[in-house]
Amino acid sequence: MKDNYSSWDINENEFPKNESIKEQIVFLLRYGILAPSTHNTQPWKFKIQNDALYIYPDWNLRLAYADPDDHNIYISLGCCIENILCAASYFQLPYSLSIHSKSKNDSYVKIIFTKNKNNDDRNFAYLFPFITKRYSNKLSYLQKPIEETALKELANAQTENDVKIVLIDRHHLVYTISQLHRKAMLTIGKNKGFREELTSWVRTNNTTSSDGMPGFVMGFSPLQVSIGKVVLRYQFIFPILAKKDISLIQKSPAVGVIVSKNESVVSWINTGRAYERLALTATSLGINITIMAAMIQDKDSQAELAQILQLHGLNPQLFFRLGYSTNNSYHTPRRDLKINFV
């Protein structure tokens, strides 16, 4: 396994159960950094003090064009946090979590761990084996319906009361949403800054980089990646990408959104937690999942999506599609954990 993919190779039997809380927290973080993030930027920083873990956004990895309001950076933190809590539950390490948010630019999460209390009912330890198996399948899904029991289990994967998972499997709604996605893609494609930023995070298929998106995640051959890194800088490619995305959405047996009552750091973090719980649940059911960000990034499309789904004042925070697939699973690179400490 290449060094930039070695983070995915974790032996759970190496958990330091007889060592200090600090050593145990460090081990949990190995699962945290496997979380998804926009463009695979991995925008998290950690600090450990005694029995407490502090998690901060890494503002050096802020995406000025793909995430101008910074909601995605906090969603990524939420995904990371959910992995950590799932691992803690599995290793029977009780915890308490608090979100501290003075402002959008001054927020962090604190998790206190203890070895001396009985583990409470954080009963999602069964999802732990799927942390290292989860991946974002951006390829085409089979046009095979998802069973009603599975849809119910997925819809119940939310973690906090201020966010909700909404699943859509009605064809006419999926079609309407696919057309809105096209509109959003054409809008964001007009932004030169966005195109340049996106291109800067695309990697070759055999990359030695520890971040970014290898072309194979989009089904690109090495030659297509080389061409893509050139043409993504130009607006003309976005109608072509939008047409491809329309097909991906319409062939998906279900799509969904995570919605929140508020637009706040707390809601964004909880959106990330809900998505990661959803992604792990989907993986456990043999269902693929991936985020498609354009409709949330384009605020007009975000508002229109809320109208289409009749959300009655709730805010769409994240859009995704679900389905079965026969393609081989893959992962994306990760930085060495040591780099992520404050």
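Across segment 1-39, the qualifying residues are those that are among the small types (G, A, S) and not in a loop (DSSP other than H, G, I, E, B), and the one among them that is surrounded by the most Cβ atoms within 10 Å (Cβ to Cβ) is G32. When segment 283-312 is filtered for residues that are farther than 25 Å from V217 by Cα, of a type outside the set (A, V, I, L, M, F, W, C) and without any contact (Cβ under 8 Å) to a residue 40 or more places away in the chain, the ones remaining, listed by number, are K299, Q302, Q307, Q310, H312. Among the numbered conditions (1) surrounded by fewer than 16 Cβ atoms within 10 Å (Cβ to Cβ); (2) out of contact with any helix residue (DSSP H, G or I) (no Cβ under 8 Å at 6 or more places or on another chain); (3) part of a helix (DSSP H, G or I), the only one that N262 does not meet is (3). Each residue in segment 43-101 was checked for being closer than 17 Å to R30 by Cα and of a type in the set (A, V, I, L, M, F, W, C), and 17 of them qualify. Just one of (1) within 12 Å of the chain's Cα centre (by Cα); (2) closer than 22 Å to Y65 by Cα fails for Y275. It is (2). Inside segment 197-226, residues that are without any contact (Cβ under 8 Å) to a residue 60 or more places away in the chain and not aromatic (F, W, Y) make up a count of 13.
Any chance segment 270-280 includes a residue that's of a type in the set (D, E, K, R), in contact with a helix residue (DSSP H, G or I) (Cβ under 9 Å, 6 or more places away or on another chain), closer than 27 Å to T187 by Cβ and touching a residue at least 12 places away in the same chain (Cβ under 8 Å)? Checking segment 270-280: not a single residue is of a type in the set (D, E, K, R), in contact with a helix residue (DSSP H, G or I) (Cβ under 9 Å, 6 or more places away or on another chain), closer than 27 Å to T187 by Cβ and touching a residue at least 12 places away in the same chain (Cβ under 8 Å).
Scanning segment 141-150 for residues that are hydroxyl-bearing (S, T, Y) and either surrounded by 16 or more Cβ atoms within 10 Å (Cβ to Cβ) or touching an Asp or Glu at 6+ places or on another chain (Cβ under 8 Å) (or both) yields a count of 1.
Residue count for segment 282-295 satisfying the condition of being in a helix (DSSP H, G or I) and buried (at least 22 other Cβ atoms within 10 Å of the Cβ): 3.
Applying the selection to segment 303-342, what residues are part of a strand (DSSP E or B) and over 30 Å from F46 (Cα atoms)?
Filtering segment 303-342 down to residues part of a strand (DSSP E or B) leaves 315-324, 341.
Of everything in segment 303-342, those that are part of a strand (DSSP E or B) and over 30 Å from F46 (Cα atoms) turn out to be R321, L322, G323, Y324.
Being closer than 20 Å to Y54 by Cα and in a loop (DSSP other than H, G, I, E, B) is a property that does not hold for K110.
In segment 227-237, the condition of being at pLDDT below 95, of a type in the set (K, R) and out of contact with any Cys (no Cβ under 7 Å at 6 or more places or on another chain) is met by at least one residue.
The values are calculated or read from the model by the stated rules, or taken from the named source; none is laboratory data. The shown structure was predicted, so the numbers you read here are calculated from the model rather than taken from an experiment. Virtual Cβ from ideal backbone geometry, glycine too; neighbours counted across all protein chains shown.
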